[in-house]
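Take a look at the structure below.
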Number of protein chains: 2
Amino acid sequence: MVDVAREAGVALRTVSRVVNQDSTVGPELVQRVRAAIADLGYRPDERARHLRLGVTGTLGAAVRQLSHVNPVLRAVERAARAADLMVLAASTEDDENLERHVVESMCRRRFDGIVLEPIGDDHGYLVPELAAGLSLVAVDRPVLGLDVDCVLSDNRSGIEKAYRHLVRHGHDRIAYIGDDERIYTARERAMAFRGCVAAHGGPLDTMLHTGQVESGRIREAVRAALSGAAPATAIVTGNAQLSVEVLRHLGADAVDVALIGFDDSELATLLRPDLTVVAQDTDAIGSTAIDMLRARIADPATEVRTVTVPVELITRGSGEIPPAT
Amino acid sequence: MVDVAREAGVALRTVSRVVNQDSTVGPELVQRVRAAIADLGYRPDERARHLRLGVTGTLGAAVRQLSHVNPVLRAVERAARAADLMVLAASTEDDENLERHVVESMCRRRFDGIVLEPIGDDHGYLVPELAAGLSLVAVDRPVLGLDVDCVLSDNRSGIEKAYRHLVRHGHDRIAYIGDDERIYTARERAMAFRGCVAAHGGPLDTMLHTGQVESGRIREAVRAALSGAAPATAIVTGNAQLSVEVLRHLGADAVDVALIGFDDSELATLLRPDLTVVAQDTDAIGSTAIDMLRARIADPATEVRTVTVPVELITRGSGEIPPAT
DNA sequence: ACCTTTCGAGATAACGTTATCCCATCATGG
DNA sequence: CCATGATGGGATAACGTTATCTCGAAAGGT
């Protein structure tokens, strides 16, 4: 920058003014400075700029897997771009230690705010960061034990919609195959399912299967649900990956067993019958997250909120299969 | 930091030494400084650190869509983590202007290097950055007109493998349905297909269909390929998304028409018959990209290279369907 | 007892920006 | 013709780090 100033025969401050489009610089000086910048290949250094300014105009997104389908992240990027903020994202790989590493890195880099898909139950490392003024919003899952802004889907209502839909289509014995209940969303959905069964009066033991998403376990769960004296005539799955696994193991039975999946996905309309799903409003989740984050950045004293976004049942065929007689 | 020094009763430099685990500080001073850091909630500022150090220990990844399946990005993150580098990623949304914006932002932030999935044909904006010492590696597609490190899949060989495989299974009339040839990979694959047809001696007009991935166009292409006096008995698709679309429109015909898709995907083993694919070695692409980037960062004078990574034909059933008689 | 070595720690100067303050220069009004 | 703004531009001090240089003190050898 000092070289540019010398080359253009102006003061340092003037170069800064030209770079920042300050209107108080005469046109011919602007020209001279521009020329010098091009000549010398000067490229401004945001590190220094941000250091001086205090803010970085950057949001961090710490998500489970960058390389997976994540419509919420897409909505986050869109909304941030609309607010002239840059989003830089990194994967936490469902690893608590990696989450901590990623988030702390973002804090040390003084990102203006962080969108986090939290993992696990212990987020104690966040306490000093929050005390020091970190703006953070959790999406998809809450940060347990900490008073933090949060955007969640209405998991309970989603399961209830699916259950009621199947009951309405004549099903009586409905199974649920879900993810590991150590995961918040899996826990919420399984609890909601238990509530449905309790309200409806059926047995639970052969109808609820949760645990790691592992092909062998899913096969076993599908087998257990569909066998015995009173086999299930319908299945609800706990997430998109589980829908795929369950379909894989249903095989030819897929035309006889009703199925409703949690989460919409592109293959929902590829299969026969098309997949009925509980779809999350990912656009609303993402843009709400950015709204809340921006509000907190603007005023750190903003009251902490948890927003629950409604889900929608999309009927496509698989959920409308009648019970086998 | 100066507050910490005052609180601990030491000099600024000593605090820095403690933070950076310098061994030349006495144990009791380390304790005092640690206590002061915790007391005052001091959090180091990487912006200043990076400014002073010159390097940021950060790589940027500018990819088409963060929220899409992208096994290469996963491999990039893994390999970078192994090298103790942080990867921060952003989407370019297949938009040339957005790509430029993202890459220039990363440059101004002085990322140590950038992994780029280039879009379009004009990357002139990179020239001054490269001249100023930007380390960059392109993946999946080359940066046309610029001498830049590059990791590509062997698209030509992939198409040839698929074509030969189908010929070996008795097919004579093989159709190709591909993406818009303005996209480099689509162009390469279509060209390779033309070469195959030329070598094999068949007609081309009803067998080659490229253009935007749009449901109506794909339906029309499938119809055109399978109708007429000499209908195709086998189809090769140009990418994973096209495989899905083609399958959608094949419907019940999927058991009669041989199909080989470019790119592996999780739904390849979900369908009946399972999908035979040309699989890219995404792990190799990602780790090679990081290797090349690190080499260039370490020595900017390193010779520019283009690495072509082999592809593999994975037979699963759909590609082994014999021609209808 | 004195000199040398080693080790720990402090003062100071960068890194590349921007903001504050201040001073020219010029046109305008009394 | 001089005072008064207004306007454009320059010197200087931060922002929060780390590296260099220097110095003091303690330990060990002759």
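The values are calculated or read from the model by the stated rules, or taken from the named source; none is laboratory data. Since the structure is predicted, the reported quantities are computational estimates derived from the model, not experimental observations. Ideal geometry is used to build each Cβ from the backbone, glycine not excepted, and the neighbour counts take in all protein chains shown. Just the protein is used for accessible areas: all its heavy atoms, side chains included, with ligands, DNA and RNA removed. Shrake-Rupley method; radii C 1.70, N 1.55, O 1.52, S 1.80 Å.
What to note about this one:
- Within segment A:147-158, the set of residues being assigned to a loop (DSSP other than H, G, I, E, B) and under 15 Å from A:M292 (Cβ atoms) comprises A:D147, A:V148.
- Index of the failed condition, B:L73 passing every other in (1) more than 16 Å from DNA strand D (Cβ to nearest atom); (2) more than 8 Å from chain A (Cβ to nearest Cβ): (2)
- Residue within segment B:12-28 that is surrounded by fewer than 18 Cβ atoms within 10 Å (Cβ to Cβ), near DNA strand C (Cβ under 8 Å from one of its atoms) and under 28 Å from A:R49 (Cα atoms) present: yes
- Condition met for B:A48 (touching a residue at least 12 places away in the same chain (Cβ under 8 Å), near DNA strand C (Cβ under 10 Å from one of its atoms) and touching a helix residue (DSSP H, G or I) at 6+ places or on another chain (Cβ under 9 Å)): no
- The criterion of at least 1 residues that are within 11 Å of another protein chain (Cβ to nearest Cβ) is met, among strands (runs of 3 or more DSSP E) falling completely within segment A:81-142, by A:86-91.
- Scan segment A:29-47 for residues that are within 46 Å of the chain's Cα centre (by Cα), open to solvent by 50 Å² or more (accessible area, probe 1.4 Å) and within 12 Å of DNA strand D (Cβ to nearest atom) and the total you get is 0.
- Just one of (1) buried (at least 17 other Cβ atoms within 10 Å of the Cβ); (2) not assigned by TED's automatic domain parsing to the domain that holds A:V139 fails for A:S105. It is (2).
- Scoring A:A221 on the criteria (1) under 30 Å from A:L116 (Cβ atoms); (2) touching a His at 6+ places or on another chain (Cβ under 6 Å) leaves a single failure, condition (1).
- Verdict on A:V246 being more than 13 Å from chain B (Cβ to nearest Cβ), open to solvent by less than 30 Å² (accessible area, probe 1.4 Å) and touching a strand residue (DSSP E or B) at 6+ places or on another chain (Cβ under 7 Å): no
- Just one of the listed residues (A:L73, A:L88, A:L59, A:L53) is open to solvent by 20 Å² or more (accessible area, probe 1.4 Å) and aliphatic (A, V, I, L, M), and it is A:L53.
- The one condition from (1) surrounded by fewer than 23 Cβ atoms within 10 Å (Cβ to Cβ); (2) in contact with a Lys or Arg (Cβ under 9 Å, 6 or more places away or on another chain); (3) modelled with pLDDT of 95 or more that B:G113 does not meet is (1).
- Pairs with Cβ under 7 Å, 6+ apart, first in segment B:21-43 and polar (S, T, N, Q), second within 14 Å of DNA strand C (Cβ to nearest atom): B:T24/B:R17
- Among strands (runs of 3 or more DSSP E) entirely within segment B:193-296, having at least 2 residues that are under 28 Å from A:L247 (Cβ atoms) singles out B:234-237, B:258-262, B:276-280.
- Qualifying residue in segment A:151-161 (condition: touching a Cys at 6+ places or on another chain (Cβ under 7 Å) and open to solvent by 50 Å² or more (accessible area, probe 1.4 Å)): yes
- Count of segment B:116-127 residues, restricted to those that are open to solvent by 10 Å² or more (accessible area, probe 1.4 Å) and either of a type outside the set (D, E, K, R) or within 19 Å of B:I290 (Cα to Cα) (or both), is 6.
- Residue that is under 26 Å from B:R49 (Cα atoms) and touching a residue at least 60 places away in the same chain (Cβ under 8 Å), where the choices are B:G170, B:G133: B:G133
- Here is the figure for segment A:303-325: residues that are in a loop (DSSP other than H, G, I, E, B) and in contact (Cβ under 8 Å) with a residue 12 or more places away in the chain total 9.
- Here A:G26, A:G9 are screened, and the one residue that is more than 14 Å from chain B (Cβ to nearest Cβ), on the phi > 0 side of the Ramachandran plot and within 11 Å of DNA strand D (Cβ to nearest atom) is A:G9.
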